[in-house]
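Below: one structure, written as structure tokens.
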Amino acid sequence: MMATLGIDSDFVQQAMQDPGFIDAFKNIASTYSAGLIDSQATSAASELFGDGAKEQFEHMKAIHMRERSLPPAKAKQIPRSALLAEFKGSRSCMRPKENQVLTRRTYIGTVPGFSTPSLKDLKRISISEMLIRKRHEGRYLLCRIIHQPSRIILSLRTYPFQPLIDHCVGHVVGVDVAVEDPEGHTSRMGIYHYPFTLDCSMDEADFLFPIDAILAIREPYYKLASNGDTPMIRVDAPSDIIFLDRASPLVNNVTWTTGRIPGVPFTPNTAKGWKERGVEQFKQQQWLCAAISFTEGLALDSNHPLLLLNRAEAYLRLGWFNSAARDGEAAMAMNLADSLLERKAFVRTTKAYYALGRYGDVQKMTRLHLRDSEMKALGLKASQRLKEAATAAYDWLAMYKQSQGPASRLDVTSYQGPVEARLPTKGNGPRGLFVTRDVKAGELLVVSKPIASYYPEDNPGKDREIFLSHNFLTSTIGRRSHYALIDRVVQRMWDDPRVARTMDTLYAGDALPATCYPPTGTLLPATYHHPRTSSVDIDIARVEGICSMTVFSVENFANPDGHGEDSLDSAVALYELPSFCNHSCMPSADRTFFGDVMVMRAAQDLKAGEEVTLGYTSWIKPLEERSEITQRKWGFVCKCLLCKADDADDPSDRKFRAKIFNMPKAQSVQEAMKRVAEVRATYADTVERVACGIKPPLVVMYQRLSLACCTASNMDSDWRYALIGLEASMNGLEAAGIVITDRSTSGRLRSAGLPVDTSKPPYLVEVCAPMTIQLAGALDAIGEEARATRWMQVALWRTSTCVLVLSQPY
Ligand SMILES: C[S@@+](CC[C@H](N)C(=O)[O-])C[C@H]1O[C@@H](n2cnc3c(N)ncnc32)[C@H](O)[C@@H]1O
């Protein structure tokens, strides 16, 4: 249970000394354990939490819906002194104590909009004019920060873990700042999705949102805070925030009625001073703070090569490669006499080109510096990436090895095989992915590096945090990862208009139409932007929609359950081409993950124009559960052959087989055989079942019987069990759609080929592959070595069609 809650054992040891904690912990633990997902479920975070959490979710949704239905209104402002006292109080209890857990809760799908007009086209508004429940279109708020930021939730009245109040510190996922306008009206302001603030230290938050910083908030949204009685400004799209220079014409004629603010932090007034501060921040891995400090230094001395080069390195660490390339190029243009600095300039520029996928530019640069070993290595890697993109020449084994590490992000490039994203040519179905020519089962369709990925290991406080993300778009209660991925995508968009343009093409829900794919029109080159400010306007509702509808769980190749059942957090990623795949419970493509790189192969022979589908939910679930998930989360009813076949069965039969399927493990071979017989009896040979050709729960029941036989045969050295197991495995494979051409278990082999029809790869590979290996093991146990080898080859054939660590499918 402890591991389930993601809390480390040392912490639990300490906390267990405290009886109050134990009670509270039991409470929360029982809430969680009531509905854990099975390890097959890749995207159904909704089932993570039990009925208590679901009630809480419905309650919060009702509050949200009620707020939306009410008209805008005036609200009583909190006086300046009270606001400052609140912030001061919250700062003193910011950090969790030794035996406390950090609890965070957030909502996805409540964003009121984002701003696109430039400041000069907006008219100033003061806090006293603003109405709650309203986004003030056409207006901007000029304000300054009057206290260090906070994260603490002061009112725990609405908190879901009341029993744990003494044991929790409730933090908002964003950063709260206290602001005032020039007239002296004040407000709390919650800033969400600002890059790197989900987990930043308070030191970093203090630097990012310093006292006396002057901000313009485009088209501000005013609302009641979650305690229900104080108003606050809420900024969901971080591109709505503009940090203003004191020299800005919007600022220099403004008088602040409350005068000077005490406690304004010291800031250097020389380029050297900023450089030193930036280096200090860089050493502490505060990459964004360092980039800002170097930028401040450059504002004082634009020809300072070290500041430019340091900032380029900070940008590389931030993953803001356009900015890194621009700084590197600017440093190269300085024709630096110092050869060490000159080298830093071309290496950093080349690294940025590489990360941007500008492999041709990398090769040009490396040709100029062939004697430099780091440049040469970059050149070689660029050639490899170009080969991958053009011919899919991947080093699968190396990728497999690399993917073994924790939180692995592979250095490969994406590949688009014979597929295209488009509307179907027949009928009025949704846009999807289609093959452009005939393909064979096992053929590579897509290799996709994610737009963004998130691993639980990315969370520095993972052992001490309980995080609930309530998603109103999909009616699910998700994990931290589902929120953190949104932040990751924002970070990618901040510096890369290409990513922003791709985001416009992806499905974000029916209310937010997508543009066509691939995107058309010329993309303007990324222009200079201050690291505090985004290069593009960020439609955060769209990002939330995409991350809710098309997020993939990253399954660990070596350990498919690695991030599954036993964890409160999961690895997730957002991809480009795979996002266009519609769902089928009998998908036409398989997906495999190498680290966070997703590989898609045809699961069957496909004719040109046929659709490439993936499974959004597990085929093993009963029809009612599959339908509930696809309808609730994605708003559609699946009409695949399996759904039609299941639907044609008698509902009482479906219910009965689900009941047997969910029973604890059978205690004997006889019991396992009885269950197989009972599940088999629930299937009638309807036209729909024949067309579908598979009976998933029966496959699993056969596999369980085969396993039981294996155990019994090992324990009793009784061949009869091995023979029953053999029979069970073959029946199971047939129930999964495999056509067995040679069921013999003894005597002369009839042919040298495989004993199955390889033109019809089976579904349910995750059960079929181990079952085939069990079958081979049983044949080996009865002395049928040649047959065992052939069935091992069947296992390889099936896994190779989806994994293809081997070079060719059989
Ligand atoms: C991840 S997107 C798939 C790609 C999407 N159709 C597009 O235009 O980019 C998921 C959405 O596609 C649609 N969809 C996926 N599978 C479907 C199916 N089997 N039947 C009907 N609609 C489906 C639903 O609207 C769902 O919310």
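Here is a yes/no grid of residues against (1) touching a residue at least 12 places away in the same chain (Cβ under 8 Å); (2) within 17 Å of THR613 (Cβ to Cβ); (3) within 16 Å of the ligand (Cβ to nearest atom):
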{"residue": "ARG632", "(1), (2), (3)": "yes, no, yes"}
{"residue": "LEU642", "(1), (2), (3)": "yes, yes, yes"}
{"residue": "PRO651", "(1), (2), (3)": "no, no, no"}
{"residue": "ARG675", "(1), (2), (3)": "yes, no, no"}
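Going by the conditions given, is ALA602 more than 11 Å from the ligand (Cβ to nearest atom) and surrounded by fewer than 24 Cβ atoms within 10 Å (Cβ to Cβ)? Judged against the criteria, ALA602 is not a match. The residues of the stretch 662-690 that are open to solvent by less than 50 Å² (accessible area, probe 1.4 Å), in contact with a helix residue (DSSP H, G or I) (Cβ under 6 Å, 6 or more places away or on another chain) and not in a loop (DSSP other than H, G, I, E, B), listed by number, are VAL669, ALA672, ARG675, VAL676, VAL679, ARG689.
Conditions tested, residue by residue: (1) assigned by TED's automatic domain parsing to the domain that holds GLY615; (2) at pLDDT below 80; (3) in contact with a Pro (Cβ under 8 Å, 6 or more places away or on another chain).
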residue: PRO755; (1), (2), (3): no, no, no
residue: SER759; (1), (2), (3): no, yes, no
residue: PRO762; (1), (2), (3): no, yes, no
residue: GLU766; (1), (2), (3): no, yes, yes
residue: PRO770; (1), (2), (3): no, no, no
residue: LEU775; (1), (2), (3): no, no, no
residue: LEU796; (1), (2), (3): no, yes, no
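One residue alone among GLY693, GLY737, GLY732 is over 19 Å from MET792 (Cα atoms), within 40 Å of the chain's Cα centre (by Cα) and open to solvent by less than 40 Å² (accessible area, probe 1.4 Å), and that residue is GLY693.
Tell me whether the stretch 488-505 contains one or more residues that are within 16 Å of the ligand (Cβ to nearest atom), touching a strand residue (DSSP E or B) at 6+ places or on another chain (Cβ under 8 Å), in contact (Cβ under 8 Å) with a residue 24 or more places away in the chain and open to solvent by 10 Å² or more (accessible area, probe 1.4 Å). The answer is no; no qualifying residue exists. Among residues of the stretch 397-419 that are open to solvent by 90 Å² or more (accessible area, probe 1.4 Å), those with a Cβ under 7 angstrom from a residue that is of a type in the set (A, V, I, L, M), sequence gap 6+ or separate chain, pair up as LEU397/VAL805; GLN402/LEU410; GLN416/VAL446; GLN416/LEU577.
If you take the residues in the stretch 420-452 that are under 20 Å from GLY595 (Cα atoms) and modelled with pLDDT of 95 or more, which one is most open to solvent (accessible area, probe 1.4 Å)? The extreme case among them is LYS449.
Here GLY609 fulfils each of the conditions (1) within 12 Å of the ligand (Cβ to nearest atom); (2) in contact with a Phe, Trp or Tyr (Cβ under 9 Å, 6 or more places away or on another chain) apart from (1). Looking across the stretch 409-451, the residues that are within 16 Å of the ligand (Cβ to nearest atom) and either closer than 30 Å to ARG479 by Cβ or in contact with a Cys (Cβ under 9 Å, 6 or more places away or on another chain) (or both) come down to ALA421, ARG422, PRO430, ARG431, GLY432, LEU433, LEU445, VAL446, SER448, PRO450, ILE451. Scan the stretch 516-541 for residues that are surrounded by fewer than 19 Cβ atoms within 10 Å (Cβ to Cβ) and within 11 Å of the ligand (Cβ to nearest atom) and report the count. Of the residues in that region, 1 qualify. Among the residues of the stretch 707-729 satisfying the criterion of being touching a residue at least 60 places away in the same chain (Cβ under 8 Å) and not aliphatic (A, V, I, L, M), which is least open to solvent (accessible area, probe 1.4 Å)? My answer is CYS709.
The set of residues in the stretch 222-276 that are in a strand (DSSP E or B) and hydrophobic (A, V, I, L, M, F, W, C) comprises LEU224, MET232, ILE233, VAL235, ILE241, ILE242, PHE243, LEU244. Only one of the listed residues (SER759, SER751) is assigned to a loop (DSSP other than H, G, I, E, B) and either more than 26 Å from ARG689 (Cα to Cα) or of a type in the set (D, E, K, R) (or both). That residue is SER751.
One line per residue, one yes/no per condition, for (1) charged (D, E, K, R); (2) more than 23 Å from PRO195 (Cα to Cα); (3) at pLDDT 95 or above:
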site	(1), (2), (3)
THR267	no, no, no
GLY273	no, yes, yes
VAL279	no, no, yes
GLN286	no, no, yes
LEU306	no, yes, yes
ARG343	yes, yes, yes
LYS351	yes, no, yes
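Exactly one residue out of LEU341, LEU336 is in contact with a Pro (Cβ under 7 Å, 6 or more places away or on another chain), in a loop (DSSP other than H, G, I, E, B) and farther than 30 Å from ALA573 by Cα: that is LEU336.
Is it true that some residue in the stretch 279-299 is under 29 Å from the mean Cα position of the chain (by Cα), over 22 Å from ASP495 (Cβ atoms) and in a strand (DSSP E or B)? Checking the stretch 279-299: not a single residue is under 29 Å from the mean Cα position of the chain (by Cα), over 22 Å from ASP495 (Cβ atoms) and in a strand (DSSP E or B). Taking LYS659, is it open to solvent by 20 Å² or more (accessible area, probe 1.4 Å), away from the ligand (no atom under 16 Å from the Cβ) and either within 30 Å of GLY429 (Cα to Cα) or touching a residue at least 12 places away in the same chain (Cβ under 8 Å) (or both)? For LYS659, the condition - open to solvent by 20 Å² or more (accessible area, probe 1.4 Å), away from the ligand (no atom under 16 Å from the Cβ) and either within 30 Å of GLY429 (Cα to Cα) or touching a residue at least 12 places away in the same chain (Cβ under 8 Å) (or both) - is not met.
The values are calculated or read from the model by the stated rules, or taken from the named source; none is laboratory data. Values in this document were obtained by computation on a predicted structure and should not be read as measured data. With ideal geometry, Cβ positions are generated from the backbone for all residues, glycine too; neighbour counts draw on all protein chains shown. Heads up: the accessible areas ignore ligands, DNA and RNA and are worked out on the full protein's heavy atoms, side chains in. Shrake-Rupley method; radii C 1.70, N 1.55, O 1.52, S 1.80 Å.
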